[in-house]
Amino acid sequence: MPSSQQPLYRMKAEFFKTLGHPVRIRVLELLSRRPHAVSEMLGDIEIEAANLSQQLSVLRRAGLVIAHRDGLSVTYELTSPEVAELLATARTILTGVVAGRAEALGSPA
């Protein structure tokens, strides 16, 4: 079935699978602040260049990031500010979940 005919819930599941890797989340967090050159990301994420390249490729295919080449340097940026908003929303949700768990653990049974 062509992707345009897939049910929206399946497309969402694929989207969240794409986000389901810690390196990809870290890359998107960095790019939420500003565009980054690959060399900058390597310093911040501390993984092998080949692994970063692979993860950036997945994000490019998913349409979440775009690359700009300037000579030998490649800079990436988010394709949409909504990606940064999604990460911020996830942070808010997780902060609430963690606080709820801590509260549940601290209360007497």
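A short reminder: the numbers here are calculations on the coordinates, not readings from a lab. The structure presented is a predicted model; accordingly, all values stated were derived computationally and were not measured. Here the Cβ is made from the backbone with ideal geometry for all residues, glycine too, and neighbour counts use every protein chain on show.
Just a few scattered comments:
- Summing +1 for each Lys or Arg and -1 for each Asp or Glu among the other residues whose beta-carbon sits under 13 angstrom from that of Val38 gives -3.
- Our summary gives segment 64-109 a relative contact order of 24 percent, counting only alpha carbon pairs under 8 angstrom and 6 or more residues apart.
- Remark on Val65: its backbone amide H falls under 5 Å from those of Arg60, Thr79, a criterion applied only to residues 5 or more positions apart or on other chains, H modelled at 1.01 Å from N.
- Taken one residue at a time, the phi angles of segment 66-76 give Karplus couplings (6.51, -1.76, 1.60, θ = phi - 60°) of 10, 10, 10, 9, 10, x, 8, 8, 10, 10, 10 Hz. Gly and Pro are set to x.
- The distance from the alpha carbon centre of segment 83-105 to that of segment 1-62 is 21 Å, rounded to a whole number.
- The chain, relative contact order [Cα under 8 Å, separation at least 6], %: 25
- Under 5 Å, built H, 5+ apart or other chain: amide partners of Val74: Val38, Ser39
- For segment 38-71, applying the loop criterion from DSSP together with a ceiling of 10 other beta carbons within 10 Å to the GluC sites (Glu not before Pro) yields Glu46, Glu48.
- Semi-axis lengths, largest first, of the ellipsoid equivalent to the chain are 30, 21, 12 Å, with √(5λ) applied to each eigenvalue of the Cα gyration tensor.
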